[in-house]
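Novice: Below you will find the structure I want to go over with you.
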């Protein structure tokens with residue numbers, strides 16, 4: 001595939017052509033995670049001054065999304081990262097993660113954290129984060145320990 005066909009840019013989460021991404025993300029989160037352990041933000045809540053929302057487009061079609069939520073002056077959290085199932089296997093998740101890390105660094109973040117699930121459907125995501133340098137950590141921000149959650153973090157203050 002032509003690399004020029006893949007573009008990641010900052011957009012509004014309320015864009016009309018993003019409905020499928022949010023429908024699939026919501027369905028995946030509810031597939032095997034108990035409701036009390038689902039920590040995704042409602043779509044409208046992603047439209048916030050503390051959140052940078054990004055869309056990955058392939059030939060103009062939105063196939064992935066990710067967001068960073070600032071939780072302190074130097075600490076951000078990855079929220080709502082998702083790539084459509086039919087677009088997986090092409091490196092899009094890594095592209096989005098790299099874009100989120102680069103944005104966090106550009107915004108002066110020294111730490112980037114995330115919450116993901118323990119269920120088998122999250123094995124690939126946890127592997128992606130670990131390969132990027134994220135390590136397991138304690139619950140952070142407003143989270144509390146949850147047997148259905150894995151918390152991970154990466155120190156961005158060092159050099160690449």
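The values are calculated or read from the model by the stated rules, or taken from the named source; none is laboratory data. Values in this document were obtained by computation on a predicted structure and should not be read as measured data. As a convention, Cβ positions derive from the backbone with ideal geometry for all residues, glycine included, and neighbour counts pool all protein chains shown.
Novice: Could you list, ordered by first residue, the pairs with Cβ atoms under 6 Å in which the first is in region 81-93 and over 20 Å from residue 117 (Cβ atoms) and the second is surrounded by 13 or more Cβ atoms within 10 Å (Cβ to Cβ) and at pLDDT 90 or above, at least 6 apart or interchain?
Specialist: 87/63
Novice: Find all pairs meeting these conditions: Cβ atoms under 7 angstrom apart; at least six residues apart or on different chains; first residue within region 133-160 and more than 16 Å from residue 74 (Cα to Cα); second residue loosely packed, with under 10 Cβ neighbours inside 10 Å.
Specialist: These pairs meet every condition: 139/145; 151/138.
Novice: Let me ask another. Which ones in region 44-62 are within 26 Å of residue 119 (Cα to Cα), buried (at least 18 other Cβ atoms within 10 Å of the Cβ) and without any contact (Cβ under 8 Å) to a residue 40 or more places away in the chain?
Specialist: 46
Novice: Considering 81, 109, which residue is within 23 Å of residue 13 (Cβ to Cβ) and under 13 Å from the mean Cα position of the chain (by Cα)?
Specialist: Values: 109 fails: under 13 Å from the mean Cα position of the chain (by Cα).
Answer to the selection: 81.
Novice: Whether any residue in region 39-49 is more than 25 Å from residue 90 (Cβ to Cβ), outside any loop (DSSP other than H, G, I, E, B) and modelled with pLDDT under 95 is what I want to check.
Specialist: Just the residues of region 39-49 that are more than 25 Å from residue 90 (Cβ to Cβ), to begin with: 39, 41-42, 44-45, 47-49.
If we keep only those that are outside any loop (DSSP other than H, G, I, E, B) too, we end up with 44-45.
Filter once more, keeping what is modelled with pLDDT under 95: 44-45.
Checked against the condition, which is being more than 25 Å from residue 90 (Cβ to Cβ), outside any loop (DSSP other than H, G, I, E, B) and modelled with pLDDT under 95, region 39-49 yields at least one hit.
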